[in-house]
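Enquirer: One structure is given below, represented as structure tokens, and several questions about it will come after.
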Amino acid sequence: MMSDIDYTRTQLAVFFVILLLAVDSINPVKMFLHVFPQVQPWHIASISIIVIIYVFISELKPILYFTTKVFFHYILSIFFRDVQIVGRDNIPTHGPVIFTSNHANQFIDSLVVMCTCQRTLSYIVAEKSWNRNIIGHLAWAIGAVPVRRAQDSAVAGTGTITLIKEESEMEQEIEEIPVIKVQGNGTCFLSDLNLAD
């Protein structure tokens with residue numbers, strides 16, 4: 001079965017060949033023009049250009065995803081000589097799948113998964129990263145979904161908070177679990193915070 005991106009590439013190839021044939025001296029398009037003399041070569045070329053633009057615009061996301069995947073596959077092959085994939089046969093070919101990773105670098109892990117997985121993936125990306133110029137455009141190109149994190153909307157409050165470690169009798173009895181007291185100095189939590197913050 002042909003995937004969506006293969007179907008799109010086939011459409012683009014067919015109409016690109018039609019466009020090239022419209023300007024060549026010996027081709028089936030010229031035979032068509034000979035049979036129907038009222039049709040001009042630029043009519044066929046114009047229709048082909050319009051269809052190519054339509055297909056490109058209507059399938060922009062899959063084309064951008066495929067192009068991004070090829071680009072990053074090339075970039076990763078420069079830095080990683082060999083990537084071994086274990087358990088690829090455990091990934092279902094149809095239906096939803098969630099990939100999670102405990103990553104040290106938020107970009108490399110996702111790129112390796114994208115370049116080695118046969119499925120089209122969609123990522124969640126922090127809204128803060130989404131709003132950056134290059135990273136945000138790449139995230140849009142691969143179909144990522146922006147997510148607003150709590151730490152992105154954090155603002156500095158009034159006052160200071162001090163953590164005080166207290167020695168207690170209970171600590172000695174419960175295998176030295178420290179008791180920590182949180183003390184606020186000059187804080188205004190009730191006026192700085194609203195319900196559901």
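Enquirer: Show the residue pairs meeting these rules: Cβ distance below 7 Å; 6+ apart or different chains; first residue within the stretch 47-62 and at negative phi; second residue surrounded by 12 or more Cβ atoms within 10 Å (Cβ to Cβ) and not in a helix (DSSP H, G or I).
Expert: 61/143
Enquirer: Mind telling me which of the residues 109, 89 ends up being touching a His at 6+ places or on another chain (Cβ under 6 Å), in a helix (DSSP H, G or I) and charged (D, E, K, R)?
Expert: Result: 109 is the single residue among 109, 89 that is touching a His at 6+ places or on another chain (Cβ under 6 Å), in a helix (DSSP H, G or I) and charged (D, E, K, R).
Enquirer: Moving on to the next point. How many residues are surrounded by 10 or more Cβ atoms within 10 Å (Cβ to Cβ) and assigned to a loop (DSSP other than H, G, I, E, B) when one looks only at the stretch 146-160?
Expert: The total comes to 5.
Enquirer: Tally the residues that are part of a loop (DSSP other than H, G, I, E, B), within 17 Å of residue 155 (Cβ to Cβ) and modelled with pLDDT under 75, restricting the search to the stretch 171-193.
Expert: Final tally of qualifying residues: 1.
Enquirer: So, in the stretch 11-54, of the ones that are surrounded by fewer than 12 Cβ atoms within 10 Å (Cβ to Cβ) and within 27 Å of residue 66 (Cα to Cα), which residue ends up modelled with the lowest pLDDT?
Expert: 13
Enquirer: Considering every residue within the stretch 68-75, establish whether at least one is in a helix (DSSP H, G or I), on the phi < 0 side of the Ramachandran plot, more than 21 Å from the chain's Cα centre (by Cα) and not β-branched (Val, Ile, Thr).
Expert: No, the stretch 68-75 contains no residue that is in a helix (DSSP H, G or I), on the phi < 0 side of the Ramachandran plot, more than 21 Å from the chain's Cα centre (by Cα) and not β-branched (Val, Ile, Thr).
Enquirer: Being among the aliphatic types (A, V, I, L, M) and outside any helix (DSSP H, G or I): is that true of residue 121 here?
Expert: yes
Enquirer: Could you pull out the residue among 75, 63, 85, 108 that is more than 27 Å from residue 137 (Cα to Cα), among the β-branched types (Val, Ile, Thr) and surrounded by 11 or more Cβ atoms within 10 Å (Cβ to Cβ)?
Expert: None of the others qualify; the one that does is 85.
Enquirer: Please go through (1) open to solvent by less than 90 Å² (accessible area, probe 1.4 Å); (2) of a type in the set (S, T, N, Q); (3) touching a Lys or Arg at 6+ places or on another chain (Cβ under 8 Å) for residue 93 and return the number of the only condition it doesn't satisfy.
Expert: (1)
Enquirer: Quick check on my filter: what residues within the stretch 22-66 are among the acidic types (Asp, Glu) and either part of a helix (DSSP H, G or I) or closer than 18 Å to residue 10 by Cβ (or both)?
Expert: The one that is among the acidic types (Asp, Glu) and either part of a helix (DSSP H, G or I) or closer than 18 Å to residue 10 by Cβ (or both): 59.
The values are calculated or read from the model by the stated rules, or taken from the named source; none is laboratory data. Nothing here was measured: the structure is a model prediction, and the numbers come from that model. Cβ sites come from the backbone with ideal geometry, for glycine too, and all protein chains shown count toward neighbours. Surface accessibility is based on the protein's heavy atoms, side chains included, excluding ligands, DNA and RNA. Shrake-Rupley method; radii C 1.70, N 1.55, O 1.52, S 1.80 Å.
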